[in-house]
Amino acid sequence: MGFIFRILKATTLCITLLTCLAISNIAFSKEGVLMKTKASWLSEVKGWSPIGDPLLYNPKTIFQYMDGAAELYLAFNIRELTTIRFEKPDKPSIIVEMYEMASSEDAYGVFAFEQQDPDAAIGQGSEFGGGLLRFWKGRTFVTIFGEEPGQDIEAAILILGRRIADTIPETGNPPRILRYLPDTALSFSKKDAWFLRSHIHLNQRFFIARANILMLAPDVDAVLARYEIENGRVHSLLVCYPSSDKAKTALASFKNAYMPDAGTFSSVKTENGKWTSIDRTNNFVIVVFDAPDEFFAQSLIRATKDILIKEGL
Amino acid sequence: MKAIKTVTRRDFLKGTAGLFLTSTGLSAIPPKASAHAQTKVIVIRNADVVGPNSEIKHSLLQNMINEAVRILTDKNEAQAAWQSLFSKTDIVGIKTNVWHYLPTPKELEIAIQQKLVDLGIPATNIAIDDRGVLDNPIFKKASALINVRPVRTHHWSGVGSCLKNYIMFVRNPSAYHNEGCSDLGKIWTYPVVKGKTRLNILCALTPQFYGRGAHFFDRRYVWPYRGLIVGTDPVAVDTVGSELLRKKRIAHFGDDRALDVLPVHISVADKKYRLGVSDLSKIEIIKVGWRDEVLL
C-alpha cells in the first residue's frame with residue numbers, strides 16, 4: 001500500500017511540475033515585447049490578419065520554437081521572443097518574429113551577423129530580399145517573412161515592418177567596438193565586419209579553433225573584420241574583455257593553443273606561409289590572421305591601437 | 001598557462017584535419033578508418049524532367065531512377081537491377097521528406113513504389129512515410145528501407161542529407177541537434193534501421209544551395225539542377241550532394257559563402273560510425289545524361 005502511495009505521490013508531483021513548467025514557459029505573457037509596443041500593429045494589413053494569440057518564448061523555451069537555431073540568439077543575450085502568424089484566404093502566411101535582446105548592441109549583432117540583402121529603410125538597420133524582412137531598432141530585432149514570394153505579400157510585409165518599427169519607442173547604438181577597427185587609413189580597405197560574442201559564431205565566419213581559446217562570452221565584445229588585399233584576405237579580430245586581467249588570460253590562452261611555436265614573440269609564420277600576430281592593450285586583445293608578412297600584421301595592429309588610444313581606451 | 005588541446009585553423013592548414021573534422025575534434029582518426037575503399041554514386045540528369053512551370057515529367061523521372069539503379073548495380077536491365085536489391089518477400093518502407101517548401105516530389109515516391117510493385121512486392125507491404133515512421137506498421141516490421149529526400153541546405157545540420165532524413169526514427173529529434181547534428185549517424189545504428197537501407201536517393205531536381213535561419217525558404221537559392229544522386233552508401237551520396245551545393249554557392253556568390261552550420265555529420269558518420277565514405281577522392285561519381293553546369 002505504501003509503495004502504491006509513493007508511486008501516486010510521485011506521479012502527482014511529476015504532473016504538477018510538468019503543468020507548472022508548461023504554463024510558466026509557453027503561455028503568452030502580457031509583459032512581453034508585444035505589450036511594450038502596445039501591439040498596435042496587430043491589425044489587418046492588405047488582407048492578412050493576425051491569427052490566434054501571439055506566442056512568447058524565453059531563453060529556456062526558445063528551443064521549443066527553433067531548436068538548434070536558438071544558439072545565435074542566446075549568444076546575443078535574448079530576453080524574449082514573440083511570434084505571430086498573419087493569414088489571408090488562399091494566400092501564403094506571413095510570420096512575424098520579434099526578439100527582445102538585452103541591449104541594442106545585441107540586437108544589432110543578431111541583425112548584422114547574417115546581413116546580405118538591400119536596405120529597406122526600416123528601423124535602425126534593415127534588409128529585405130527573397131520575401132524576408134529583417135531589421136533592428138533599440139533592443140528589438142525583428143524578422144517578417146512570407147511563406148511564398150509574391151508582390152502582394154511582399155508589400156504587406158514591408159507595411160507590417162514599418163508599423164512595428166513605428167511602435168518601438170526606443171532607439172539604441174550599434175556596438176562601439178565596430179568603430180575601433182581601421183578602415184581606409186592604410187593601404188587596404190575593410191570589406192566586412194561582424195560583431196560577435198560566441199566562438200561558435202566566430203568559427204562560422206572564420207574558423208580559428210574548436211575550443212573557445214579566446215574566451216568569448218556573452219559579456220565580451222568582439223569584432224571580426226575582413227580586409228581585402230591584392231592577393232587575398234586578411235582577418236583582424238578585436239576583442240574587448242570586462243577587465244585587463246581577463247584580456248591577459250585570453251591572450252595567453254590563444255598563444256598557448258594557436259601559436260605555441262612563437263615562444264615569447266607575438267608573431268608567427270603559419271603553415272600557409274602567412275603571418276598571425278597578437279597584441280594587447282589594457283582590456284583589448286587584437287589578433288591579425290593571414291597577413292602577407294609580419295610587418296603588415298604589425299601595421300594593422302598598430303593602426304588599431306592608435307584608434308584605441310585616440311578614444312582614450 | 002597550460003595549453004588547451006584543441007584543433008585549430010593551423011591543423012587545417014597543415015592538412016592534418018579536414019575542415020569538417022576541425023569542428024568535431026575527430027582529426028586523430030586516420031584516413032584508413034573509412035568504411036569502404038571505394039564507393040559508387042550515380043548522378044543522373046535530364047534537361048526535360050522539370051518543365052517551365054516546375055511540373056515534373058513522371059515518365060522521364062521513372063526512367064532516370066531506373067537507369068541510375070541499373071548503372072549502380074552493374075546490370076543490363078532495370079528489372080534485374082531492382083531485383084538485385086529487393087526480393088518479393090521484402091516489406092519496404094520508403095522514408096520520404098514532407099517539408100512543405102521542398103518535399104520529396106510525389107512523382108518520385110510513386111516511381112519508386114511502382115518499381116517495387118513491378119518486382120512483385122504486394123502494395124500492402126510497401127509504405128511511404130516521414131514523420132510517422134515510428135508508428136507506421138509497415139516501417140515497424142520493414143525488412144528493407146529506401147531513403148529519399150531533396151538535397152538542400154539545412155539550418156541545423158548544414159545540409160539536409162540522407163543521413164539527416166532518418167532523424168524521424170527517434171522520438172527525441174532535438175537531442176541530435178548538438179554541434180551541427182554531428183551525431184546523426186548514431187541513429188543509423190539503431191535496430192529500427194540498422195542494415196536495412198538498400199537505396200539512398202537525394203532528389204536534386206530543384207535543390208536549395210543556400211539559406212539563412214530556422215524556418216526560412218528562399219527561392220532565390222533554389223535552382224533547376226534536374227538530377228538525382230543515387231547510391232547504396234548514404235555517406236557517399238551525402239558527400240556528393242553536399243559538394244554539389246558547395247560548388248553551386250561558389251558559382252553563384254563567387255566564393256563558398258559560409259552556411260549557418262558546417263555539415264559535420266557527414267564526416268562523423270564515416271569516421272565515427274563507419275557508415276560509408278566521406279572522402280570525395282574515394283567516391284566514383286558516375287555522371288549520366290544532361291551535362292550542362294553539372295558542377296561535379
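The values are calculated or read from the model by the stated rules, or taken from the named source; none is laboratory data. Because the structure is a prediction, the values reported are computed rather than measured. Here Cβ is always computed from backbone atoms with ideal geometry, including for glycine, and neighbour counts include all displayed protein chains.
Just give me the residues in the stretch A:268-279 being within 14 Å of chain B (Cβ to nearest Cβ) and more than 16 Å from A:Ile208 (Cα to Cα), in sequence order.
Once the filter is applied, which keeps residues that are within 14 Å of chain B (Cβ to nearest Cβ) and more than 16 Å from A:Ile208 (Cα to Cα), the stretch A:268-279 yields only A:Gly273.
With respect to A:Ile200, is the statement that it is touching a residue at least 24 places away in the same chain (Cβ under 8 Å), over 20 Å from A:Arg85 (Cβ atoms), within 11 Å of chain B (Cβ to nearest Cβ) and not polar (S, T, N, Q) true? Working first, answer last.
Numbers: touching a residue at least 24 places away in the same chain (Cβ under 8 Å): yes; over 20 Å from A:Arg85 (Cβ atoms): yes; within 11 Å of chain B (Cβ to nearest Cβ): yes; not polar (S, T, N, Q): yes.
Here the answer is yes, as A:Ile200 does meet what is asked.
Table: residues versus (1) outside any strand (DSSP E or B); (2) touching a Cys at 6+ places or on another chain (Cβ under 7 Å); (3) of a type in the set (Gly, Ala, Ser); (4) more than 28 Å from A:Ala102 (Cα to Cα).
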| residue | (1), (2), (3), (4) |
| --- | --- |
| A:Leu224 | no, no, no, no |
| A:Asn256 | yes, no, no, yes |
| A:Asp261 | yes, no, no, yes |
| A:Phe265 | yes, no, no, yes |
| A:Val287 | no, no, no, no |
| A:Ala297 | yes, no, yes, yes |
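Could you figure out which of (1) within 19 Å of A:Ile157 (Cβ to Cβ); (2) of a type outside the set (Val, Ile, Thr); (3) within 16 Å of the chain's Cα centre (by Cα); (4) within 12 Å of another protein chain (Cβ to nearest Cβ) isn't true of A:Met66?
It fails just one condition, (1).
When you check A:Glu97 against the structure, is it within 12 Å of another protein chain (Cβ to nearest Cβ), in contact with a Pro (Cβ under 6 Å, 6 or more places away or on another chain) and either within 29 Å of B:Gly158 (Cβ to Cβ) or part of a helix (DSSP H, G or I) (or both), yes or no?
On the way: within 12 Å of another protein chain (Cβ to nearest Cβ): yes; in contact with a Pro (Cβ under 6 Å, 6 or more places away or on another chain): no; either within 29 Å of B:Gly158 (Cβ to Cβ) or part of a helix (DSSP H, G or I) (or both): yes.
Taking the combined requirement at face value, the residue does not satisfy it.
Find all pairs meeting these conditions: Cβ atoms under 8 angstrom apart; at least six residues apart or on different chains; first residue within the stretch B:56-68 and more than 19 Å from B:Asp233 (Cα to Cα); second residue at pLDDT below 95.
B:Lys57/B:Gly51
Scan the stretch B:52-69 and give yes if some residue there is at pLDDT 80 or above, part of a strand (DSSP E or B), closer than 20 Å to B:Leu296 by Cβ and away from every other protein chain (no Cβ under 14 Å), otherwise no. Break it down into steps so the answer makes sense when it comes.
The initial filter retains those residues of the stretch B:52-69 that are at pLDDT 80 or above, namely B:52-69.
Next, only the ones that are part of a strand (DSSP E or B) stay: B:56.
When the remaining residues are screened for being closer than 20 Å to B:Leu296 by Cβ, the result is none.
No, because not a single residue in the stretch B:52-69 is at pLDDT 80 or above, part of a strand (DSSP E or B), closer than 20 Å to B:Leu296 by Cβ and away from every other protein chain (no Cβ under 14 Å).
Please give the number of the condition A:Gly172 fails out of (1) under 28 Å from A:Lys310 (Cβ atoms); (2) modelled with pLDDT under 95.
(2)
Among the residues of the stretch A:111-132 satisfying the criterion of being more than 11 Å from chain B (Cβ to nearest Cβ) and of a type in the set (A, V, I, L, M), which is farthest from A:Ile164 (Cα to Cα)? Steps first, please.
Of the residues in the stretch A:111-132, the ones more than 11 Å from chain B (Cβ to nearest Cβ) are A:111-112, A:118-126, A:128.
Okay, now just the ones that are also of a type in the set (A, V, I, L, M), so A:112, A:120-122.
Details: A:Ala112: 19, A:Ala120: 14, A:Ala121: 13, A:Ile122: 9 Å.
Filtering first and then ranking leaves A:Ala112.
For the subset of the stretch B:200-238 comprising residues that are among the polar types (S, T, N, Q) and in contact with a Pro (Cβ under 9 Å, 6 or more places away or on another chain), which member is nearest to the other protein chains (Cβ to nearest Cβ)?
Just the residues of the stretch B:200-238 that are among the polar types (S, T, N, Q), to begin with: B:200, B:206, B:208, B:232.
Retained after the next criterion (residues that are in contact with a Pro (Cβ under 9 Å, 6 or more places away or on another chain)): B:200, B:206, B:208.
Numbers: B:Asn200: 24, B:Thr206: 15, B:Gln208: 11 Å.
Looking at residues that are among the polar types (S, T, N, Q) and in contact with a Pro (Cβ under 9 Å, 6 or more places away or on another chain), I get B:Gln208.
How many of the residues making up the stretch A:58-108 are among the small types (Gly, Ala, Ser) and out of contact with any helix residue (DSSP H, G or I) (no Cβ under 8 Å at 6 or more places or on another chain)?
6
Name every residue in the stretch A:228-250 that is touching a Leu at 6+ places or on another chain (Cβ under 9 Å), within 13 Å of chain B (Cβ to nearest Cβ) and more than 13 Å from A:Phe289 (Cα to Cα), in order of residue number.
The first filter runs over the stretch A:228-250 and keeps only residues touching a Leu at 6+ places or on another chain (Cβ under 9 Å), leaving A:234-240, A:250.
From what's left, within 13 Å of chain B (Cβ to nearest Cβ): A:235, A:237, A:250.
Once the filter is applied, which keeps residues that are touching a Leu at 6+ places or on another chain (Cβ under 9 Å), within 13 Å of chain B (Cβ to nearest Cβ) and more than 13 Å from A:Phe289 (Cα to Cα), the stretch A:228-250 yields only A:Ala250.
Can you tell me which residue within the stretch B:81-112, out of those that are polar (S, T, N, Q) and either closer than 20 Å to B:Val193 by Cβ or assigned to a loop (DSSP other than H, G, I, E, B) (or both), is farthest from the chain's Cα centre (by Cα)? Walk me through it before giving the result.
So the first thing to find is which residues in the stretch B:81-112 are polar (S, T, N, Q), and the list is B:83-84, B:87, B:89, B:96-97, B:104.
After this cut, where a residue has to be either closer than 20 Å to B:Val193 by Cβ or assigned to a loop (DSSP other than H, G, I, E, B) (or both) as well, the list is B:87, B:89, B:96-97, B:104.
Values: B:Ser87: 23, B:Thr89: 26, B:Thr96: 11, B:Asn97: 11, B:Thr104: 12 Å.
Once the filter is applied, the top-ranked residue is B:Thr89.
Scan (1) at pLDDT 95 or above; (2) part of a helix (DSSP H, G or I) for the single condition A:Met66 breaks and write down its number.
(1)
Which residues, taken from the stretch A:226-245, are under 15 Å from A:Ile286 (Cβ atoms) and part of a helix (DSSP H, G or I)?
A:Ser244
When residues of the stretch B:245-276 are filtered for being aliphatic (A, V, I, L, M), surrounded by fewer than 24 Cβ atoms within 10 Å (Cβ to Cβ) and either at pLDDT 95 or above or farther than 26 Å from B:Ala175 by Cα (or both), how many remain?
2
Select from the stretch A:228-251 the residues that are at pLDDT 95 or above and surrounded by fewer than 14 Cβ atoms within 10 Å (Cβ to Cβ) and list them in ascending order.
Across the stretch A:228-251, the qualifying residues are A:Pro242, A:Ser243, A:Ser244, A:Asp245.
Out of all the residues in the stretch A:122-129, is one or more free of Cβ contacts under 8 Å to residues at least 12 places away in the same chain, charged (D, E, K, R) and under 27 Å from A:Phe206 (Cβ atoms)?
Residues of the stretch A:122-129 that are free of Cβ contacts under 8 Å to residues at least 12 places away in the same chain, as a first pass: none.
Among the residues of the stretch A:122-129, not one is free of Cβ contacts under 8 Å to residues at least 12 places away in the same chain, charged (D, E, K, R) and under 27 Å from A:Phe206 (Cβ atoms), which makes the answer no.
Report yes if some residue within the stretch A:51-68 is charged (D, E, K, R), in contact (Cβ under 8 Å) with a residue 40 or more places away in the chain and within 29 Å of B:Leu262 (Cβ to Cβ); otherwise report no.
The first filter runs over the stretch A:51-68 and keeps only residues charged (D, E, K, R), leaving A:53, A:60, A:67.
Then drop every residue that is not in contact (Cβ under 8 Å) with a residue 40 or more places away in the chain, which leaves none.
The answer is no; no qualifying residue exists.
Going through the stretch B:221-244 one residue at a time, which ones are more than 12 Å from the chain's Cα centre (by Cα), within 18 Å of B:Arg45 (Cβ to Cβ) and in a helix (DSSP H, G or I)? Before the answer, list the steps.
Within the stretch B:221-244, the first condition is being more than 12 Å from the chain's Cα centre (by Cα), and the residues that meet it are B:221-227.
Narrowing further to those that are within 18 Å of B:Arg45 (Cβ to Cβ): B:222-227.
The answer is none; no residue qualifies.
With respect to B:Thr124, determine if the residue is touching a strand residue (DSSP E or B) at 6+ places or on another chain (Cβ under 7 Å), more than 19 Å from B:Val288 (Cβ to Cβ) and at pLDDT 95 or above. Break it down into steps so the answer makes sense when it comes.
Values: touching a strand residue (DSSP E or B) at 6+ places or on another chain (Cβ under 7 Å): no; more than 19 Å from B:Val288 (Cβ to Cβ): yes; at pLDDT 95 or above: yes.
So B:Thr124 fails the test.
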